[in-house]
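All remarks here apply to the structure that follows.
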Amino acid sequence: APAAKPLPAYAGWKTPEALIVHSTSTLETRRSAFGTSVITPSNQLYVRNNLPAPDAAILDNRDAWSVSIEGVKNPRSLTLAELRTLGVETVATVLQCSGNGRGFFPSKPSGTPWQVGAAGCVVWSGVPLRNVVAALGGLADGAAYLTGTGGEKLPEGVDPLTVLVERSVPVKALDDALLAWEMNGEPLSLAHGGPLRLVVPGYQGVNNIKYVKRVAFTAAQSQARIMSHGYRMSPPGSKASPDQPSVWEMGVKSWINGPLADKGALKPGQVQVHGVAFGGTRGIKGVEVSVDGGKTWQAAKLIGPDLGPFAWRQFALPVRLEAGTHVLASRATDTAGNVQAEQREENLGGYNNASWRDHAVTVTVA
Ligand code: MSS
């Protein structure tokens with residue numbers, strides 16, 4: 001086997017055995033590393049950077065980091081020190097790249113061929129963005145979008161709009177959004193957006209802006225390429241365009257994390273089929289498991305703590321597996337009754353893959 005690529009310096013503190021290094025800006029959690037606990041440890045969490053990570057010096061004085069708040073009655077910049085005085089809340093969310101599951105598209109869209117590991121469930125702590133808006137007099141008139149801008153230094157000699165990481169989400173996301181400075185009980189790392197990150201619970205990863213330096217309530221969506229043409233659900237054969245749906249709220253999805261085939265054949269007998277399920281902005285009502293490739297289904301048990309609608313739930317089902325080949329699948333239902341789809345929605349970028357069939361695992365018992 002070719003030697004595994006080393007971890008990039010900004011993520012050098014992570015656990016190499018738990019990660020697949022696709023490139024210096026794309027690290028994926030191994031399916032076998034998810035284990036059976038609800039929270040994804042920071043040192044096993046995936047990373048996706050669209051631009052090189054900023055210099056670690058931006059963490060030297062966290063409290064001095066400032067974010068400009070625009071599109072409110074009294075716009076101004078606030079330091080992280082000031083933000084800490086405006087309130088604090090903790091929320092568990094699934095952080096998932098919109099391209100998670102791209103590796104299962106037979107069309108091989110360009111971009112990282114993530115399987116299941118461009119996702120994790122983490123706990124954020126920070127100030128509710130609505131508190132900040134209230135402190136600045138409320139929203140200005142005409143605010144339709146919540147737009148966040150990343151604090152990377154932009155490469156020179158190119159149109160900034162082609163590289164700037166700036167995303168807009170519908171302003172209703174303000175109800176749950178957070179400006180977070182801690183993740184999993186520690187000051188936010190550079191790899192995950194420290195010193196300050198815009199967290200939009202229930203929305204695809206790309207909308208969760210790292211090293212956030214500007215939050216604007218705007219009438220129109222950002223003109224940055226990553227918003228206007230990137231991360232759109234462009235039908236096959238089309239060209240990306242701003243009138244196609246953007247990757248915003250996550251849909252209902254689940255997958256199995258064990259047993260897996262990577263250690264060879266299993267012994268006949270009882271196994272615990274286990275995995276994770278989440279519903280974007282909605283909680284999970286239930287998960288069914290199939291051991292015959294989706295012909296028949298049994299209700300799995302939701303286990304572990306319920307950390308709220310934005311977190312994932314663990315599920316488990318004990319089953320007996322006899323000698324042979326078995327296709328194990330899971331299918332989640334959210335609290336609104338939406339059932340995880342069998343098929344992916346084909347699109348150019350390979351986004352939003354929630355197909356239960358694509359996420360099934362084949363195991364051999366001998
Ligand atoms: N932010 C910024 N500032 N930059 C970049 O690059 N990316 C995105 C988000 N945010 C970015 C940002 C993406 S794209 C994602 S996924 C996320 O982030 C990730 O995260 P982590 O922490 O894991 O790395 Mo896809 O949809």
| remark: Filtering region 165-185 for residues that are on the phi < 0 side of the Ramachandran plot and either aromatic (F, W, Y) or touching a Ser or Thr at 6+ places or on another chain (Cβ under 7 Å) (or both) leaves a count of 7
| request: Report whether or not V132 is at pLDDT 95 or above, surrounded by 19 or more Cβ atoms within 10 Å (Cβ to Cβ) and of a type in the set (A, V, I, L, M). | output: yes
| Subset of region 307-346 [among the polar types (S, T, N, Q), under 21 Å from the mean Cα position of the chain (by Cα) and farther than 30 Å from L178 by Cα] | S330, Q343
| task | Answer yes or no: is there a residue in region 289-300 that is at pLDDT 95 or above, within 25 Å of T362 (Cβ to Cβ) and under 21 Å from the mean Cα position of the chain (by Cα). | result | no
| task | Scan region 189-203 residue by residue and report those that are closer than 23 Å to G280 by Cα, more than 9 Å from the ligand (Cβ to nearest atom) and in a loop (DSSP other than H, G, I, E, B). | result | L196, V200, P201, G202
| message | Condition first: farther than 15 Å from C121 by Cα, in contact (Cβ under 8 Å) with a residue 60 or more places away in the chain and in contact with a helix residue (DSSP H, G or I) (Cβ under 6 Å, 6 or more places away or on another chain). Now tell me which residues in region 10-41 satisfy that. | response | K14
| query | Checking S98 against (1) hydroxyl-bearing (S, T, Y); (2) under 24 Å from the mean Cα position of the chain (by Cα); (3) in a strand (DSSP E or B), which test does it fail? | reply | (3)
| Can you find a residue in region 165-174 that is in contact with a strand residue (DSSP E or B) (Cβ under 8 Å, 6 or more places away or on another chain), closer than 30 Å to K73 by Cα and of a type in the set (K, R)? | yes
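Residues checked against (1) under 19 Å from the mean Cα position of the chain (by Cα); (2) more than 27 Å from A81 (Cβ to Cβ); (3) among the polar types (S, T, N, Q); (4) modelled with pLDDT of 95 or more:
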| residue | (1), (2), (3), (4) |
| --- | --- |
| D176 | yes, no, no, yes |
| V200 | yes, no, no, yes |
| R232 | yes, yes, no, yes |
| D243 | no, yes, no, yes |
| said: Given the condition part of a helix (DSSP H, G or I) and either within 15 Å of the ligand (Cβ to nearest atom) or free of Cβ contacts under 8 Å to residues at least 24 places away in the same chain (or both), answer yes or no: does some residue in region 125-137 qualify? | reply: yes
| query | Can you name the number of the only condition in (1) free of Cβ contacts under 8 Å to residues at least 24 places away in the same chain; (2) touching a Gly at 6+ places or on another chain (Cβ under 8 Å) that R167 fails? | reply | (1)
| message | Considering only residues that are of a type in the set (K, R) and buried (at least 24 other Cβ atoms within 10 Å of the Cβ), which ones fall in region 96-129? | response | R102
| field | Residue list for region 64-80, filter: without any contact (Cβ under 8 Å) to a residue 60 or more places away in the chain and hydrophobic (A, V, I, L, M, F, W, C) | value | A64, L78
| Taking region 31-48 only, how many residues are farther than 18 Å from A92 by Cα and either of a type in the set (A, V, I, L, M) or crowded, with 19+ Cβ neighbours inside 10 Å (or both)? | 3
| request: Within region 170-188, track down each residue that is small (G, A, S) and within 13 Å of the ligand (Cβ to nearest atom). | output: A180
| remark: For region 314-328, pairs from a residue that is over 23 Å from L302 (Cβ atoms) to a residue that is assigned to a strand (DSSP E or B) and modelled with pLDDT of 95 or more, with Cβ under 7 Å and 6 or more apart or across chains, are E322/V365; A323/V365; G324/V365; T325/T362; T325/T364
| Total residues in region 71-95, condition in a strand (DSSP E or B), crowded, with 18+ Cβ neighbours inside 10 Å and under 26 Å from the mean Cα position of the chain (by Cα) | 5
| region 91-112 residues that are over 17 Å from R232 (Cβ atoms) and near the ligand (Cβ under 8 Å from one of its atoms), paired with ones that are modelled with pLDDT of 95 or more and not hydrophobic (A, V, I, L, M, F, W, C) (beta carbon under 7 Å, 6 or more apart) | L95/G120; L95/G205; L95/N208; Q96/Q204; Q96/G205
| message | Would you confirm whether or not region 138-153 contains a residue that is assigned to a loop (DSSP other than H, G, I, E, B), acidic (D, E), within 16 Å of the ligand (Cβ to nearest atom) and more than 14 Å from the chain's Cα centre (by Cα)? | response | yes
| field | Conditions (1) more than 18 Å from K73 (Cα to Cα); (2) surrounded by 17 or more Cβ atoms within 10 Å (Cβ to Cβ); (3) not basic (K, R); number of the one not met by P160 | value | (2)
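Have a look at G269, G304, G283 and point out the one that is on the phi > 0 side of the Ramachandran plot and modelled with pLDDT of 95 or more.
G269
The values are calculated or read from the model by the stated rules, or taken from the named source; none is laboratory data. These numbers come from a predicted model, not from an experiment. Here the Cβ is made from the backbone with ideal geometry for all residues, glycine too, and neighbour counts use every protein chain on show.
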